[in-house]
Amino acid sequence: MNDVEEVLRRTFARAEARMPAMPPDLLHQMTVPRFRRGRPGLVLASVAATGLVIWVMSAVVWRAPEPRPAMSPLPVVTAKPTPRLQEPRIVEKIASPVERVMPSAIAEVPREAPNGKAFTPELFLDARTMLGYVSKKGYDPAPEWWSYHLESQTFEHLATIDSPVAPVNVPAVGGGVIAWFKHVGRDIHVMTIPVTGGGPRTVVTFPAERELDKVNGDTVYGIDLVVGDGKIFWSSTKSGGVHQVPVSGGEPSFVPGTEGLRLFRWPWAGRSDDRRQGVGDLLNLSTGERLDDPAQAQCDVTWCISGDQAIRRDGSKAVDLPGNHPRSLVADRFVILSQVDKQGRKAEAIFDLATSRVGRLWILNDRKASPTLYTSTETLRFKRGDKWVVIHG
């Protein structure tokens, strides 16, 4: 045995004598899942023994150090900057009531028709005539279309239909007709009546898009409708794509270049963006014009919301909004927002991009629930007493 072997033998012997006795379940501990916590004593002993062996080996085996290869300096890694939270905008004074600020954009409509049933306004037939449906509370198998004349403050019955009308199934008006749809079995029927009233007629029928679900039941999708250029246009709320048929009826056809697009308002179809609650890739169905989409903005046709500003889609103008949390750009004109003043009072308001005026909807009260604000592409409405307050362009 040479001198090096003798040194190693004596060193390992001394190390073995100093090591604690190995636990009898050592093999089990080494094979249990890694997420279980081991015994601290065993880990420390193992580390000590390993370090001793490395030290002994370095004492008896020495190699000349090799030159290190040249290394490029590592890039400095900094933490991702935390976005600065924007301070709420404080207004000098909460806006005055919307009726006082923009009276020409306000219409008051009774919530009850002459027959005692609830009246729900939907859209304007013309500048002074409101279209809505009348039904009893809950399921009504035979709701009715009625109009309300703002100047004479009178109702007129237009038609009784044979299927419920959901608030989301907004009808379409144009070309002298009122159009809507209903589900019949597995099909969709597009119906019309003259704007002056009359018996409903079926213009076109086609299969409804469905999503099969044997457990929870199938989902049946509806359509969006617009009327223009003597035609009725529709798109599926599931897959999009615009189809058309003459108002008088006939063979339906697909509108080229509208794959995946949904109808927005006449004459526009676009691609909905649920993240920004807006519509992009706008296509004019009448002229074929397409509009570019500004980045990170919620857009209507002309105006967009980006942060606390309203900007024109073409970038030609930007307007600072007099409040916080702008949302729901309606009729390419009205922006819903919140206001807070120096005294801490809070209110819901709307800003009119057409007139640069802001009107208060209501003061927010923590002890009292606020009214529900219903919005569509063209109107906003809420209940106040026995009336509907309708805001329109």
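The values are calculated or read from the model by the stated rules, or taken from the named source; none is laboratory data. Everything quoted here is computed from the prediction, not taken from an experiment. Note that we place each Cβ from the backbone using ideal geometry, even for glycine, and neighbour counts take in every protein chain shown. What goes into the accessible areas is simple: the full protein's heavy atoms, side chains included, and nothing from ligands, DNA or RNA. Shrake-Rupley method; radii C 1.70, N 1.55, O 1.52, S 1.80 Å.
Open to solvent by 40 Å² or more (accessible area, probe 1.4 Å) and either more than 20 Å from residue 377 (Cβ to Cβ) or acidic (Asp, Glu) (or both): does that describe residue 272? When the stated conditions are applied, residue 272 does not pass them. Take residue 221 and tell me if it is within 30 Å of residue 103 (Cβ to Cβ) and not hydrophobic (A, V, I, L, M, F, W, C). No, not satisfied. For residue 354, the conditions (1) under 28 Å from residue 129 (Cα atoms); (2) open to solvent by less than 50 Å² (accessible area, probe 1.4 Å) are fulfilled apart from (2). For residue 159, the requirement of being under 28 Å from the mean Cα position of the chain (by Cα) and assigned to a strand (DSSP E or B) is not met. Among the conditions (1) charged (D, E, K, R); (2) in a loop (DSSP other than H, G, I, E, B); (3) open to solvent by less than 40 Å² (accessible area, probe 1.4 Å), residue 224 misses just one, which is (2). Screening segment 182-196 for residues that are in a strand (DSSP E or B) and of a type in the set (D, E, K, R) and picking the one that is most open to solvent (accessible area, probe 1.4 Å) gives 187. Being open to solvent by 40 Å² or more (accessible area, probe 1.4 Å), under 23 Å from residue 242 (Cα atoms) and either under 18 Å from the mean Cα position of the chain (by Cα) or among the hydroxyl-bearing types (Ser, Thr, Tyr) (or both) is the filter here, so list the residues in segment 284-334 that pass it. Residues satisfying the conditions are 286, 287, 293, 302. Give the residues of segment 227-239 that are open to solvent by less than 40 Å² (accessible area, probe 1.4 Å) and under 16 Å from residue 181 (Cβ atoms), sorted by residue number. Scanning segment 227-239 gives 227, 232, 233, 234, 235, 236.
Of the residues making up segment 93-111, those that are assigned to a helix (DSSP H, G or I) and either open to solvent by 50 Å² or more (accessible area, probe 1.4 Å) or in contact with a Cys (Cβ under 7 Å, 6 or more places away or on another chain) (or both) are 99, 100, 103, 104. Here the condition is being over 21 Å from residue 170 (Cα atoms), touching an Asp or Glu at 6+ places or on another chain (Cβ under 9 Å) and of a type in the set (Val, Ile, Thr); of 302, 258, it holds for 302 alone. Applying the set (1) modelled with pLDDT of 95 or more; (2) out of contact with any Ser or Thr (no Cβ under 8 Å at 6 or more places or on another chain); (3) open to solvent by 20 Å² or more (accessible area, probe 1.4 Å); (4) of a type outside the set (A, V, I, L, M, F, W, C) to residue 367 leaves exactly one unmet item: (1). The set of residues in segment 252-275 being at pLDDT 95 or above and among the acidic types (Asp, Glu) consists of 259 alone. For residue 163, the conditions (1) open to solvent by 20 Å² or more (accessible area, probe 1.4 Å); (2) under 29 Å from residue 206 (Cβ atoms); (3) polar (S, T, N, Q) are fulfilled apart from (1). With respect to residue 124, determine if the residue is at pLDDT 80 or above and touching a Gly at 6+ places or on another chain (Cβ under 8 Å). When the stated conditions are applied, residue 124 does not pass them.
Note on segment 202-213: residues that are under 18 Å from residue 237 (Cα atoms) and open to solvent by less than 20 Å² (accessible area, probe 1.4 Å) amount to 2. Can we say residue 362 is of a type in the set (Phe, Trp, Tyr) and either surrounded by fewer than 19 Cβ atoms within 10 Å (Cβ to Cβ) or over 21 Å from residue 263 (Cα atoms) (or both)? Answer is yes for this residue. Summed over segment 219-246, residues that are over 19 Å from residue 123 (Cβ atoms), β-branched (Val, Ile, Thr) and at pLDDT below 95 total 2. Within segment 329-375, the residues that satisfy the criterion of being within 20 Å of residue 122 (Cβ to Cβ), of a type in the set (A, V, I, L, M) and part of a loop (DSSP other than H, G, I, E, B) are 331, 373. Considering segment 112-136, the residues that are touching a Pro at 6+ places or on another chain (Cβ under 9 Å) and assigned to a loop (DSSP other than H, G, I, E, B) include one that is least open to solvent (accessible area, probe 1.4 Å), namely 117. Only one entry of 217, 257, 250, 199 meets the criterion of being part of a loop (DSSP other than H, G, I, E, B), open to solvent by 20 Å² or more (accessible area, probe 1.4 Å) and under 19 Å from residue 289 (Cα atoms), and that entry is 257.
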